[in-house]
């Protein structure tokens, strides 16, 4: 079945360092969505990428969708404590269901 | 974006009993989803619930164990039946937004003893 692989599982960074998480799909995606889940919270929609090669920015967050629409990345510049949480990618299938990546947990080193 | 509430927010239940989780949305939505999430894990889709039709269950989930109701466009319930400790998890409902993104309720944290 369709799978979305996400790496790394965890990333420990010093505050101010950058963070990147990567997703790869076994098949071409119609779109890819990114969500953030704070500790103890629920997933919150961040952005959707639809077009091949698309790049979108939200302040310090940069989202990319690969040319083949099989991979995507989220890059956070100069992390802050408010960025802590788990970031999930999710590819949409033809039934509007989401195929979720395993998530990357962003941990700020004390 | 939709505002979604869930009841209860958490519960501790004895094995063999059932719990019904409610999901209320502040606007009419066609598609609602029920997920399960183990702590530190990703989300697993249980079923899709459309108003006026039977819920569609994912592999590994059956109606007898997780009956779902969807009486109108703003409300749904998920029942976890004949619970065992393996059912301990966070249960989340979500709705489909206008551009096919999903909005989630705050979740129900279930512990089965």
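The values are calculated or read from the model by the stated rules, or taken from the named source; none is laboratory data. Computed from a predicted structure; not experimentally measured. Please note: Cβ atoms are built from the backbone with ideal geometry, for glycine as well, and neighbour counts cover all protein chains shown.
Scanning region A:71-100 for residues that are at the interface with another protein chain (Cβ under 7 Å from one of its Cβ atoms) and part of a loop (DSSP other than H, G, I, E, B) returns A:96, A:97. Total residues in region B:83-102 satisfying the condition of being within 14 Å of chain A (Cβ to nearest Cβ) and surrounded by 20 or more Cβ atoms within 10 Å (Cβ to Cβ): the figure is 9. For the structure I just gave you, tell me whether residue B:108 is within 12 Å of another protein chain (Cβ to nearest Cβ), surrounded by 13 or more Cβ atoms within 10 Å (Cβ to Cβ) and within 27 Å of residue A:39 (Cα to Cα). Judged against the criteria, residue B:108 is a match. Considering the conditions (1) modelled with pLDDT of 95 or more; (2) surrounded by fewer than 21 Cβ atoms within 10 Å (Cβ to Cβ); (3) over 10 Å from the mean Cα position of the chain (by Cα), residue B:22 is excluded by exactly one of them, (3). Residues that are free of Cβ contacts under 8 Å to residues at least 12 places away in the same chain and part of a strand (DSSP E or B) are absent from region B:85-94 altogether. Restricted to strands (runs of 3 or more DSSP E) entirely inside region B:1-82, those with at least 1 residues that are away from every other protein chain (no Cβ under 12 Å) and over 25 Å from residue B:100 (Cα atoms) are B:10-13, B:19-25, B:75-80. Considering each residue of region A:12-19 in turn, at least one proves to be over 13 Å from the mean Cα position of the chain (by Cα), outside any loop (DSSP other than H, G, I, E, B) and over 23 Å from residue B:95 (Cβ atoms). Within 11 Å of chain B (Cβ to nearest Cβ), surrounded by 13 or more Cβ atoms within 10 Å (Cβ to Cβ) and at negative phi - does that describe any residue in region A:9-16? No.
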